[in-house]
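Notes follow once the structure below has been shown.
What follows is calculated from the coordinates using simple rules that are stated; it is not laboratory data. The structure presented is a predicted model; accordingly, all values stated were derived computationally and were not measured. Glycine also receives a Cβ, built like all others from the backbone with ideal geometry; neighbour counts cover every protein chain displayed.
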């Protein structure tokens, strides 16, 4: 079964920089497809998570957290349409945060930061290792889904837009 790799904290602010397209070419034996610049890859050939993790660590010149999911888990998440009643648009954006492991214990949802009606991030649901959140920009100070999920659930995580998950679905179904 295919896998999906989500790297944490790469190509941000000049730290842990690399060229994802080059890495995908170096891993062509596993039919790896790069998705954007944030360190997201679809691995279409079957390989164990342990072997894939070892291969990625061997190729990278820095340490980073790797969240590796079975492709079927991503397909199931997208098929469930977890944001059916949430209008997307310039005021509200949908995000998925991939956690290193499922949160235990699970805090009461939604988790909102800041609390109250002026929230910028609202974590609305959990599905296994995926935290689903809404983000809206209010004012000058910004709060992002990744920092809210990591603090609320106490696990390393990395966040991607819902549109990225849809691209991953398309690659897995191709």
Between segment 127-172 and segment 39-113, what is the separation of their alpha carbon centroids in Å?
9 Å
Based on the alpha-carbon set only, what is the convex hull volume of segment 3-74 divided per residue, in Å³?
80 Å³
Anisotropy class of segment 45-108 from Cα gyration tensor, a/c 1.5 cut
prolate
What is the Cα radius of gyration of segment 86-161 over 2.2 N^0.38 Å, N being its residue count?
1.01
Compute the distance in nm between two label points, each set 7 Å from the Cα along the Cα-to-Cβ direction, one at residue 11 and one at residue 85.
3.6 nm
I need the calculated FRET efficiency for the pair residue 117 and residue 163, taking r as the beta carbon distance and R₀ as 25 Å, to the nearest 0.05.
0.40
Label point distance in nm, residue 19-residue 70, each placed 7 Å from Cα along Cα→Cβ:
3.6 nm
Starting from the Cα of residue 104, step 7 Å along the direction of its Cβ; do the same at residue 127; then give the gap between the two resulting points in nm.
2.2 nm
